[in-house]
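Structure record follows, encoded as structure tokens.
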Amino acid sequence: MGLLDGKKVIVTGAAQGVGYEIANRFIEEGASVAILDLNGEGAFAAGDKLGALAYQVDVTDSEMMEQVINKAVKDLGGLTTLVNNAGASVVSPLHKTSLDMFQQMLDINLKGVFHALRVVIPMFMEQEEGGSIVTIASGAGVKPISGQSAYAASKAAVISLASSVALEYGSKIKSNSLSSSYIETPASQILRDTMPEALEDVRDYTPMGRLGQPRDMADASVFLASDLCSFITGQNIEVDGGIFLAQAGLEKMSAKVTAYIEGMSEEERAAVKKS
Ligand SMILES: NC(=O)c1ccc[n+]([C@@H]2O[C@H](COP(=O)([O-])OP(=O)(O)OC[C@H]3O[C@@H](n4cnc5c(N)ncnc54)[C@H](O)[C@@H]3O)[C@@H](O)[C@H]2O)c1
């Protein structure tokens with residue numbers, strides 16, 4: 001028996017990366033899945049490989065989203081779960097971020113989710129069993145990351161949107177978000193190719209000592225979408241191996257101080273205590 005037996009699920013942005021692994025894990029746990037992605041070819045290939053339905057859609061297009069979601073729900077024979085995963089990021093200092101870049105972040109990461117919610121909420125409210133929503137946000141939406149202000153703002157907004165749904169429709173709809181640190185996906189490949197040393201820093205600062213994998217996000221999504229998650233709603237859960245606990249500058253200083261203290265004799269330590 002799977003944790004998601006009988007669930008009928010839409011996952012946006014599931015042609016690759018985190019969304020693909022969410023679709024994969026949901027199917028392993030017994031769900032029927034519809035993949036919605038801008039990359040039609042990628043969506044169909046993923047659908048064939050995983051045994052999922054697949055559709056091309058641009059989440060920024062409200063009319064198209066309404067049509068495609070309705071079609072997917074018809075083909076699935078209903079809907080129990082929506083996973084808002086489609087997203088994109090941009091790296092640019094704030095003062096060099098053009099209005100177009102800023103708008104694009106809001107369109108994909110925030111309005112894309114809004115478009116799905118407007119179609120799905122009335123469906124969930126009408127059905128006896130309600131429904132469940134998992135929104136993939138980002139650690140950048142919780143704590144700022146240099147050079148990612150537009151992305152961070154869009155993800156902070158989407159965390160808020162997910163918790164608003166829990167508050168407004170809590171009697172029927174469970175809505176939570178997941179925020180991750182760096183996850184190894186095609187989107188983040190460029191960093192691996194160009195600056196592997198930057199990833200060493202991420203690994204060093206992660207208490208669990210490794211980089212995040214799509215599977216980490218997929219497993220957390222399975223939990224949130226399952227009936228095991230029975231009384232948790234409106235929450236943003238960080239899937240980050242603990243990295244957001246660390247405050248980079250202070251951590252570096254603290255590690256040096258600790259190493260220094262460890263190298264001291266008992267007498268020297270006593271002298272420091274007295275002074
Ligand atoms: N990879 C990371 O380090 C990381 C960290 C934190 C949060 N996230 C979030 O996780 C989610 C997935 O990221 P990923 O790394 O797997 O990215 P990815 O680029 O590998 O995959 C994103 C998918 O979304 C699709 N997509 C993009 N724009 C779309 C649109 N307008 N309409 C429909 N589909 C669209 C893409 O075609 C792609 O298949 C995103 O919301 C991202 O912000 C990723």
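The values are calculated or read from the model by the stated rules, or taken from the named source; none is laboratory data. Owing to the predicted nature of the structure, the values given are computational and were not obtained by experimental measurement. Neighbour counts run over all protein chains shown; Cβ positions are idealised from the backbone, glycine included. Accessible surface is based on the protein model in full, side chains and every heavy atom, while ligands, DNA and RNA are left aside. Shrake-Rupley method; radii C 1.70, N 1.55, O 1.52, S 1.80 Å.
General observations
- Between ILE35, ILE183, ILE145, the GNM of the chain built on Cα springs shorter than 10 angstrom shows ILE145 fluctuating the most.
- Mean separation of Cα contacts under 8 Å, 6 or more apart, over the residue count of the chain: relative contact order %: 18
- Cα-only radius of gyration and Dmax that characterise segment 1-67, units Å: 11.5, 38
- Per-bin percent of Cα-Cα distances, segment 53-147 [5 Å]: 2, 12, 20, 22, 16, 11, 8, 5, 3, 1
- Helical runs assigned H by DSSP (4 residues or longer) give the chain a calculated mean residue ellipticity at 222 nm of -15000 deg cm²/dmol, each run adding -39500 (n - 2.57) before division by the residue total.
- Nearest 10 degrees, 0 to 90: helix 62-76 Cα axis against the chain principal axis: 70
- Segment 185-230 - percent of accessible surface contributed by carbon and sulfur, probe 1.4 Å: 59
- For segment 1-124, carbon and sulfur atoms together expose 53% of the accessible surface, with a 1.4 angstrom probe and every protein chain in place.
- Choice from SER254, SER160, SER221 showing the highest fluctuation, given a GNM over the chain with Cα pairs closer than 10 Å: SER254
- Among LEU94, LEU117, LEU82, the residue with the largest mean-square fluctuation in a Gaussian network model of the chain, with springs joining Cα atoms closer than 10 Å, is LEU94.
- Per residue value of the accessible surface for the chain (all protein chains in place, 1.4 Å probe), Å²: 52
- For segment 72-160, the set of GluC sites (Glu not before Pro) satisfying both a DSSP loop assignment and a count of at most 11 other C-beta atoms within 10 Å is given as GLU128, GLU129.
- Relative intensity, log₁₀ I(q)/I(0), of the chain from a Debye sum that treats every alpha carbon as a point, q = 0.14, 0.17 Å⁻¹: -0.96, -1.37
- Fraction of the pair-distance distribution of segment 106-164 above 20 Å, Cα-Cα pairs, percent: 31
- Couplings 3J(HN,Hα) of segment 114-127, computed from phi: 4, 4, 5, 4, 4, 7, 7, 4, x, 4, 5, 5, 7, 8 Hz, in residue order, whole Hz [Karplus 6.51 cos²θ - 1.76 cosθ + 1.60, θ = phi - 60°; x for Gly and Pro].
- For segment 259-270, 3J(HN,Hα) per residue [Karplus equation, 6.51 cos²θ - 1.76 cosθ + 1.60, θ = phi - 60°, Hz, x = Gly/Pro]: 4, 5, 5, 5, x, 7, 7, 4, 5, 4, 4, 4
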